[in-house]
Amino acid sequence: MVAGAAGFQHARSDIEGWREIAWPFPRDGWPAGLAFRCATERCGDEIEVYVRPKAGFCNCDSGVSDDEEVDRVADLDLMSERFAPRAPGGVIRIAEMQGRLRSYDLQMTDGSRRAAIGIAVSRRCDLLVAVAQGRGEATEVRRVALDFLASDAVTKWMTAAMDGR
């Protein structure tokens, strides 16, 4: 993972308007991932994206097959234990990995509300999860996050992280 993070450092300038921030969550059973914030000027609202691999944490046969799995694994509970799905999710493909995406409403500990998306994709028996949250509309948070995750630099990092580099 360290090499993957180092590889990301070289490509980071490709992602205009985004800056890496410290991983804001407490330690759990998985390595910390990467966290990013997009400036209001670039994204229309301050949006944060958190992404990390979870090696060996996926059904090797079916991958991410349902919305309940996204609810369980996508790290939404790290932001707030009070999250509710907005609607059924859908199939997604990121960095040559297939899985599911779902939109949520979050109630933060300070009482504010946020829109969020949870993504879980898999390759072999490993997961890659991403969560994005912002104060704006869910459709905009989703669009901005997916554009960011599809950028060359982030795609290269995700691939390297899943390869253990």
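Summary of computed values
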| read-out | value |
| --- | --- |
| Per residue, in Å², the accessible surface of the stretch 1-148 once ligands and nucleic acids are set aside, probe 1.4 Å | 51 Å² |
| Under the Karplus curve 6.51 cos²θ - 1.76 cosθ + 1.60, θ = phi - 60°, whole-Hz ³J(HN,Hα) for the stretch 147-162, x wherever Gly or Pro sits | 4, 4, 5, 7, 5, 4, 4, 6, 4, 4, 5, 4, 4, 5, 5, 6 |
| Accessible surface ranking that places the most exposed of E68, E137, E48, E81 first, with a 1.4 angstrom probe | E81, E137, E68, E48 |
| Intensity falloff of the stretch 93-154 expressed as log10 I(q)/I(0), Debye formula with alpha-carbon point scatterers, at q = 0.26, 0.29 Å⁻¹ | -1.07, -1.21 |
| Those Cys residues of the chain for which no other cysteine Cβ falls under 4.7 Å | C58 |
| Calculated diffusion of the stretch 38-88, Stokes-Einstein form, Kirkwood radius summed over Cα pairs, 25 °C and 0.890 mPa s, µm²/s | 182 µm²/s |
| Percent carbon-and-sulfur accessible area, the stretch 68-165, ignoring ligands, DNA and RNA, probe 1.4 Å | 45 percent |
| Counted charge near E137, where neighbours are those whose Cβ lies closer than 14 Å (Asp, Glu -1; Lys, Arg +1) | +2 |
| Surface accessible to a 1.4 Å probe, S65 within the full protein complex, Å² | 70 Å² |
| Rounded to whole Hz, the Karplus (6.51, -1.76, 1.60) HN-Hα couplings of the stretch 16-32, x for glycine and proline | 4, x, 9, 9, 6, 10, 5, 4, x, 9, x, 5, 9, x, 10, x, 4 |
| Near-label residues of the stretch 134-165 by backbone N, under 16 Å of a point 7 Å along Cα→Cβ of F25 | 134 |
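The values are calculated or read from the model by the stated rules, or taken from the named source; none is laboratory data. What you are looking at is a predicted structure, and each value in this text was computed from that prediction instead of being measured. Here the Cβ is made from the backbone with ideal geometry for all residues, glycine too, and neighbour counts use every protein chain on show. Protein only, heavy atoms only, side chains kept; ligands, DNA and RNA dropped before computing areas. Shrake-Rupley method; radii C 1.70, N 1.55, O 1.52, S 1.80 Å.
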